[in-house]
Amino acid sequence: MTEIESKPTESTSNATGDRGADSVPEAWKDVWSRPGRKYRVRAVLLLTINILLFAGVGSFAFWLRSGVAFAPTMGAYRDQLSRTFSFVRGRNITLGSWLIEPINVQDVPMQIPILGLLMAALISIPILVAILYRFWCCLPFTAIVGLLAVMPWLAITLTASCIIAAIRPLRTPFRFVSALLGLVPCVVYLFLASAGTSEVVAGRMDPVDSIKFVAPWVFAIVAAALVFAVVLIIAKWVDYRTGAITPLLAVMFGLPVFLFEVYVGRDELHYRLLEALSEAHFEDVDASAELPLAAQRAWDRHPLPRPRWQEVYEAEEEKWQMALAADVHPFESELVRHQADLVRRCEIFQKTFPQSVYAASALFLQAKALDTRVDVGEFHRTKWIRYYDDFPSCASTLTWRVLAENQPDSSIGAVARLRLAQLELREGDVDRAVRGLEQMLHHFEEGAMGLGPDSKVASRAKSVLDRDAPEASLHVPLKQVFLEARRLQDLCSRNYDSAHGVDPLCGPKRRSEKVWFGLADLDPRHERYRTNLEKLLAQYPRCQLADNLALEIAKVSDSVTSRVMFLEQVLADFPEGDAVPEALFRLGVEYKTQGREERCAAVFTRLQRDYAQSPWAELASAYTRVHPRTERMTSTGY
């Protein structure tokens, strides 16, 4: 009887199998519900295609942050992943920093929809796969988020979202509701990310623009919900056969790539990485810091793609040994490596993107890298490694000349003209230096103490998607550039000596002389600067340039008291010299430092009355208005 009764049951089972997915309740249908071999093959094939497309999304997301297309090929990949879980804020794991570096959404607003679409794809696709393909099928997608997009915390969050959306008893019979419930952990993740963003951008933006740093995540949440709706409607329409996800995933991958290529450009990303590398290579460093902490800071601030941890640690160890031995030479060798690295990358950028709007800015970074030096005196005084680039090197002459000729209307063109004038003075070509400075100052006459060469552009109201001038991110201090240009112009035009010509300024033509250099040859930050000034003054005691030499000696004196004494002596010895306006200004600043307000006011009043057309009078007026914190000033303005 049991055998007889069992046969109808078996027959019923076969009938059910033939009917396929029709016997499965609609609430639990998925692509595996159809037992036929062709359905399984089709499901596996389309799932593989989805994984490959999603790997492209993850790789593109990482490329937008680092310029590296495939994260595992990066030398510091393992270090980066291991430090993701150290709870130390780093550029690779902070979504807030993704909005700022390498491409700032404030500068390039088109990044808002691009990042929003990318985040929507990274969030929505794994959840939909978990719902339509079952939970275990979403694991390759969350692995891609963690390992290729290098967002392990988002991968962990997505795994929790997929569990909520696809595993009983958490899932609901209504798939769209399950998807929205699965979205909740991701919304919390993005909320925490936007909260972290406020810390990253604090003090770096106009409060009115703060919406730009929240908009990508709001866009991502809305887009993810829309993707849920579209895919689930298509899936129901085709009775949960395979193929509902692939077309939309292709769109979600292709659309951000298209928008980026058309409205942003690869040159934007690679140039921003160049800027970040320049800042990292030449950032001030406290060489007396504890070695492991110094190495950690160096690794954290290095832009992606980062080198291996061991390389960073060994470089910091050189600095540590240098600090203990009070010897700057190892660090100078590191500077040479950094200069060569940055120059090479700038040259590659110019060859790869010759028509880019950032080609001139990359050339500017290259010239600055060639001019960069270590302030040895500062290191011996404070054990801080500081860099400066306002005393140009002969190696950068051609680069500055190209910029001056091709960018005459930009801020970097003004800097190029100033650097060329400094170099031309050292070659003894005073007339050419003066002509270049006069042309530059005349061209930027209205912008010298105002908005600068881009004042017309700056005065127009900007739309939401407008971008700043390509050189805006370089933050060229135009006021200081123009001040130094006017100082140098006065130095050249008013100090021709009837007895010695331009020798005190440019150096004698016969380099065999005892004092073979001139004032233009001397680096104000060199440790022997004062000694060389005294030699120069002893060689030309009554020359036209004597007041300027005495002023330079006063400026590099060690204490406020000695600087005040020397400045007062300059005014007493050279009452009609062309150095008087600057001497008055600096004397007023030193009086202010000493708290001698009445003397400061009297000196500034004399300066503004007797030398009203001098740039130092304008500077004294601004100084009096804003009362800035008094700092010791160097001889160069930029």
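Modelled label-to-label distance, residue 236 and residue 515, 7 Å Cα→beta-carbon offset: nm?
Simple spin-label model gives 9.2 nm for this pair.
For residue 344 and residue 311 in one chain, what is 0.36 nm times their gap in residues minus the Cα-Cα distance, to one decimal in nm?
Values: separation 33, 0.36 × 33 = 11.88 nm, distance 1.94 nm.
Computed gain between residue 344 and residue 311 is 9.9 nm.
I want to check the label-to-label distance for residue 384 and residue 613. Put each point 7 Å from Cα in the C-beta direction and report it in nm to one decimal.
Rounded to a tenth, the inter-label distance reads 3.9 nm.
How do 311, 279, 378 rank by accessible surface area computed with a 1.4 Å probe, from largest to smallest? List each step's numbers first, then the result.
Values: 311 80, 279 125, 378 30 Å².
Putting 311, 279, 378 in descending order of accessible area: 279, 311, 378.
Amide H of residue 526: which non-local residues (sequence gap of 5 or more, or other chain) have their own amide H closer than 5 Å, using H built in the peptide plane?
none
At 1.4 Å probe size, put 384, 136, 63 in order of accessible surface, largest to smallest. Walk me through the numbers before you get to the answer.
Numbers: 384 85, 136 145, 63 40 Å².
Result of the area sort, largest leading: 136, 384, 63.
Assuming R0 = 35 Å, can you tell me the calculated FRET efficiency for the pair residue 355 and residue 143, based on Cβ-Cβ distance, to the nearest 0.05?
On the way: r = 39 Å, r/R0 = 1.13.
So, using R0 = 35 Å, E works out to roughly 0.35.
Sorting check: for 150-158, 400-408, which peptide has the highest mean count of neighbouring beta carbons within 10 Å, and how do the rest follow? It would help to have the intermediate numbers written out before the result.
Working: 150-158: 21.8, 400-408: 18.9.
Highest to lowest by the protection proxy: 150-158, 400-408.
Whose amide H sits under 5 Å from the amide H of residue 388, counting only residues 5 or more places off or on another chain, with H placed in the peptide plane?
For residue 388, the qualifying residues are 373, 375.
Need one number: nm distance between label points at residue 284 and residue 598, each 7 Å from Cα along Cα→Cβ, rounded to one decimal.
Taking the simple label geometry, residue 284 and residue 598 are separated by 3.6 nm.
Can you work out the FRET efficiency for the pair residue 37 and residue 184, with r the C-beta to C-beta distance and R0 = 51 Å, to the nearest 0.05? Before the final figure, lay out the partial values.
Working: r = 38 Å, r/R0 = 0.75.
The value I calculate is 0.85.
Once you've got the Cα coordinates, tell me which of 535/555; 479/509; 368/555; 555/592 are over 27 Å apart. Please list the in-between numbers first.
On the way: 535/555 16 Å; 479/509 34 Å; 368/555 25 Å; 555/592 15 Å.
With Cα atoms farther than 27 Å apart: 479/509.
Provide 430, 184 ordered by accessible surface of protein heavy atoms (probe 1.4 Å), highest first. Present the calculation step by step, with values, prior to reporting the outcome.
On the way: 430 20, 184 80 Å².
Highest to lowest solvent-accessible surface, that is 184, 430.
Would you mind telling me the share, in percent, of accessible area of the range 267-316 contributed by carbon and sulfur at probe 1.4 angstrom?
Working: 970 of 1970 Å².
Percent of accessible area from carbon and sulfur atoms in the range 267-316: 49.
Just the number, please: carbon plus sulfur as a percent of the accessible area of the range 41-182, 1.4 Å probe, no ligands or DNA/RNA counted.
Numbers: 3620 of 5010 Å².
Answer for the range 41-182 is 72 percent, counting heavy atoms of protein chains only.
Considering only protein heavy atoms, what is the solvent-accessible area of residue 574 at a probe of 1.4 Å, reported in Å² to the nearest 10?
Here the residue's solvent-accessible area equals roughly 60 Å².
Using a 1.4 Å probe on the protein heavy atoms only, what accessible surface does residue 275 show? Give it in Å² to the nearest 10.
Answer for residue 275: close to 20 Å² accessible.
I'd like the FRET efficiency for residue 211 and residue 499, computed as 1/(1 + (r/R0)^6) with the beta carbon distance as r and R0 of 60 Å, rounded to 0.05.
On the way: r = 67 Å, r/R0 = 1.12.
Once the sixth-power term is evaluated, E becomes 0.35.
In the full protein assembly as shown, how much of residue 341 is accessible to a 1.4 Å probe, in Å² to the nearest 10?
Spelled out: residue 341, probe radius 1.4 Å, area about 30 Å².
Leaving out ligands and nucleic acids, note down the accessible area per residue over the range 531-580 with a 1.4 angstrom probe, in whole Å². Intermediate values should be presented prior to the final figure.
Numbers: 2270 Å² over 50 residues.
Result: 45 Å² per residue.
Between the range 121-147 and the range 396-426, how far is it from one alpha carbon centroid to the other, in angstrom?
54
The values are calculated or read from the model by the stated rules, or taken from the named source; none is laboratory data. All values derive from a computational prediction rather than experimental measurement. Positions of Cβ are backbone-derived with ideal geometry, glycine not excepted, and every protein chain shown enters the neighbour counts. Quick note on the areas: whole protein, heavy atoms, side chains included, nothing else; ligands and nucleic acids left out. Shrake-Rupley method; radii C 1.70, N 1.55, O 1.52, S 1.80 Å.
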